[in-house]
Amino acid sequence: METQKPNVGAATAKQPKNEGSNVRGIKNAFLVIVVCFIVALLLFIFWFGHDMHFDEAGHPQDLWGTIYKGGFIVPILQTLFLTVIVLSVERWIALSSAKGKGSISKFVANVKACLKKNDIAGAQALCAKQKGSVAAVVSAALVRYEEMDKNTVLSKEQKIATLQKEVEEATALEMPALQQNLPIVATLTTLGTLVGLLGTVMGMIKSFQALSASGAPDATELSTGISEALINTAFGIATGAFAVISYNFYTNKIDNLTYAIDEIGFSIVQTFAATH
């Protein structure tokens with residue numbers, strides 16, 4: 001038995017390991033937030049606050065001027081809103097690369113057909129053509145499949161366990177990249193609403209301060225406070241709503257990819273068990 005151990009190590013050493021996920025995407029979301037804040041601040045100062053949007057008395061003449069009256073909370077809300085948009089687009093691109101070049105369901109069906117014929121080379125050719133996360137997991141499993149097929153040291157149960165472990169490891173390598181940046185989008189669903197509520201409260205405080213002034217209330221201060229409250233409410237609701245839609249949409253797409261990976265991984269293991 002001692003002379004057989006080096007053969008196991010040699011077989012394991014020959015196994016090519018994935019060095020990283022096949023999913024493209026933005027790795028540092030903090031830079032996205034910083035860039036979005038700079039863009040939001042520039043818009044707030046140089047566009048919304050431009051003199052052409054106000055009359056000589058400083059009253060807003062259009063929607064842009066009214067947004068400017070929302071106060072300093074507006075750039076923060078715009079930063080959150082822009083961040084949701086950018087990360088949503090980024091997830092679309094990333095999950096499109098994870099999906100690969102063709103239909104996932106068709107790819108899974110074709111690979112299963114190759115497995116039934118024990119055509120491992122044909123299944124590998126399909127993986128090379130499809131690309132993406134599902135194909136990467138299948139390709140890694142098929143490489144291990146061929147190794148276990150040639151292995152004369154391990155028992156059948158050990159081979160099946162090794163094959164299952166390979167599928168799990170390859171899947172674990174892809175999952176973090178699929179879910180990357182989605183926790184930030186999930187956080188913005190609540191944070192956008194709360195920041196909008198904060199701006200609403202601050203605007204109402206200004207309005208009540210104008211009403212509580214001695215004598216006739218200052219109409220300008222009153223309208224400014226109401227504008228600030230409503231603008232911040234609108235931005236907060238829009239940010240939260242868009243973030244919820246984006247998060248649920250991409251979570252569903254990831255679930256579909258995960259289901260495809262589980263299905264084809266199970267098929268590979270079961271085919272090996274049935275044919276050996």
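The values are calculated or read from the model by the stated rules, or taken from the named source; none is laboratory data. None of these values were measured; they are calculated from a predicted model. Positions of Cβ are generated from backbone atoms using ideal geometry, with glycine treated the same way; all protein chains shown enter the neighbour counts. Heavy atoms of the whole protein, side chains included, go into the accessibility calculation; ligands, DNA and RNA do not. Shrake-Rupley method; radii C 1.70, N 1.55, O 1.52, S 1.80 Å.
Looking at Val153, is it assigned to a loop (DSSP other than H, G, I, E, B) and touching a residue at least 60 places away in the same chain (Cβ under 8 Å)? Answer is yes for this residue.
Looking only at residues of region 113-142 that are more than 29 Å from the chain's Cα centre (by Cα) and in contact (Cβ under 8 Å) with a residue 60 or more places away in the chain, we find that the one that is farthest from Leu257 (Cα to Cα) is Asn118.
Evaluation of Ile93 against the conditions (1) touching a helix residue (DSSP H, G or I) at 6+ places or on another chain (Cβ under 6 Å); (2) open to solvent by 20 Å² or more (accessible area, probe 1.4 Å) shows that the sole unmet condition is (1). Open to solvent by 40 Å² or more (accessible area, probe 1.4 Å), among the charged types (D, E, K, R) and under 31 Å from the mean Cα position of the chain (by Cα): which single residue out of Lys206, Lys150, Lys165 fits that description? The match here is Lys165. Scan region 239-259 for residues that are buried (at least 22 other Cβ atoms within 10 Å of the Cβ) and out of contact with any Phe, Trp or Tyr (no Cβ under 8 Å at 6 or more places or on another chain) and the total you get is 5. Taken together, the criteria place Leu163 among residues that are more than 26 Å from Asn28 (Cα to Cα), touching a Phe, Trp or Tyr at 6+ places or on another chain (Cβ under 7 Å) and among the hydrophobic types (A, V, I, L, M, F, W, C). A single entry from Thr251, Thr233, Thr224, Thr258 fulfils the requirement of being modelled with pLDDT under 85 and either assigned to a helix (DSSP H, G or I) or closer than 18 Å to Thr162 by Cβ (or both): Thr224. Regarding Glu19, is this residue closer than 28 Å to Gly203 by Cβ, at pLDDT below 85 and over 17 Å from the mean Cα position of the chain (by Cα)? No. Just to verify a result, which residue in region 40-80, among those that are in contact with an Asp or Glu (Cβ under 7 Å, 6 or more places away or on another chain) and not small (Gly, Ala, Ser), is modelled with the highest pLDDT? Per the stated criteria, the residue is His53. Scanning region 99-130 for residues that are within 18 Å of Ala141 (Cα to Cα) and not in a helix (DSSP H, G or I), which turns out most open to solvent (accessible area, probe 1.4 Å)? Filtering region 99-130 for residues that are within 18 Å of Ala141 (Cα to Cα) and not in a helix (DSSP H, G or I), the one most open to solvent (accessible area, probe 1.4 Å) comes out as Lys117. Quick check: is even one residue across region 53-63 closer than 30 Å to Ala128 by Cβ and either basic (Lys, Arg) or touching a Gly at 6+ places or on another chain (Cβ under 7 Å) (or both)? Within region 53-63 (the criterion being closer than 30 Å to Ala128 by Cβ and either basic (Lys, Arg) or touching a Gly at 6+ places or on another chain (Cβ under 7 Å) (or both)), the answer is no, since none of the residues qualifies. Taking region 43-60 as the range and being assigned to a loop (DSSP other than H, G, I, E, B), open to solvent by 80 Å² or more (accessible area, probe 1.4 Å) and closer than 13 Å to Val74 by Cβ as the test, no residue passes.
Per-residue answers, yes or no, for (1) open to solvent by less than 10 Å² (accessible area, probe 1.4 Å); (2) among the aromatic types (Phe, Trp, Tyr); (3) touching a residue at least 24 places away in the same chain (Cβ under 8 Å):
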{"position": "Ile73", "(1), (2), (3)": "yes, no, yes"}
{"position": "Gln78", "(1), (2), (3)": "no, no, yes"}
{"position": "Phe81", "(1), (2), (3)": "no, yes, yes"}
{"position": "Ser97", "(1), (2), (3)": "no, no, yes"}
